[in-house]
1. Filter segment 166-187 down to residues that are of a type in the set (A, V, I, L, M, F, W, C) and assigned to a strand (DSSP E or B) and give me whichever is surrounded by the fewest Cβ atoms within 10 Å (Cβ to Cβ).
2. Which condition from (1) in contact with an Asp or Glu (Cβ under 8 Å, 6 or more places away or on another chain); (2) in a strand (DSSP E or B) is the one that Val136 breaks?
3. Return the residue satisfying two criteria in turn: it lies in segment 78-119 and is among the hydrophobic types (A, V, I, L, M, F, W, C), modelled with pLDDT of 95 or more and in a helix (DSSP H, G or I), and of such residues it is farthest from the chain's Cα centre (by Cα).
4. Taking Asp159 as the residue in question, decide whether it is under 9 Å from the mean Cα position of the chain (by Cα), more than 15 Å from Thr188 (Cβ to Cβ) and among the charged types (D, E, K, R).
5. Condition first: within 8 Å of Gly185 (Cβ to Cβ), in a loop (DSSP other than H, G, I, E, B) and open to solvent by less than 50 Å² (accessible area, probe 1.4 Å). Now tell me which residues in segment 42-62 satisfy that.
6. Is there any pair linking a residue in segment 83-102 that is closer than 21 Å to Tyr51 by Cβ and among the hydrophobic types (A, V, I, L, M, F, W, C) to one that is at pLDDT below 90 and open to solvent by less than 50 Å² (accessible area, probe 1.4 Å), with Cβ under 9 Å and at least six apart or on different chains, and which?
Amino acid sequence: MNKHIHVLGNIVAAIGLAVTFSTTAVAAPANLVAAGDTNPPIGHFEFCKRYPNDCKSLGNDPGPLTLTRERWAQMLEVNTRVNQAIEPDTDLNINGVEELWSYPRTVGDCEDYALLKRLILIKQGFSPSDLLITVVLQPSGEGHAVLTVRTDYGDYILDNLRGDVRLWSESGYTFVKRQSPVHAGRWTKLGPGSATSVGTVKY
């Protein structure tokens, strides 16, 4: 067992969680790898028009954050708090439109959860370049949005459909695209597939 895995085990044990390292998880890359630039989801494109300060250049990528006990505990707490505070509903029911990314108050769609978690973690001192909204495909083929937290132990997923925080490779999702770590308004490809229920703006 290498030093990184040993230390991560200590972090998780310290907050009362158990970690099982399967052979599949160990074999998978710890961090997602970008495969070139791509178009942003239409909802995020429109969100950036309303919140330009949240979609600006982040400068050179300093690399993933150093995962400490404090940071891990913050990730867990924010994921749980937002999941419990916001009631899930569709954009059509909430706003009367098919797609509208926004900061939720009491109800929200999957991307709204991700936006709020990102905002809270930034306020807690996380770098925006390590908090990347990510579009995935569920096993059913339905589009979904989560927040990826880049760390030196791998990319972890904060998901409104789950109470735990797990590595991307243990999520069961197909990863399609996510925000760029150098510009919050730009996106990069992660893999094949297209999320039909998360619309994409075309230039």
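1. Leu167
2. Of everything listed in (1) in contact with an Asp or Glu (Cβ under 8 Å, 6 or more places away or on another chain); (2) in a strand (DSSP E or B), Val136 misses just condition (1).
3. Ranking the candidates gives Ala85 first.
4. yes
5. If the condition is that a residue be within 8 Å of Gly185 (Cβ to Cβ), in a loop (DSSP other than H, G, I, E, B) and open to solvent by less than 50 Å² (accessible area, probe 1.4 Å), then Cys55 is the only one that fits.
6. That search, which allows pairs on different chains as well, returns Val97/Asp91; Leu100/Asp91; Trp101/Asp91.
The values are calculated or read from the model by the stated rules, or taken from the named source; none is laboratory data. Note that the coordinates shown come from a computational prediction; the quantities given were computed from them, not determined experimentally. Here the Cβ is made from the backbone with ideal geometry for all residues, glycine too, and neighbour counts use every protein chain on show. Quick note on the areas: whole protein, heavy atoms, side chains included, nothing else; ligands and nucleic acids left out. Shrake-Rupley method; radii C 1.70, N 1.55, O 1.52, S 1.80 Å.
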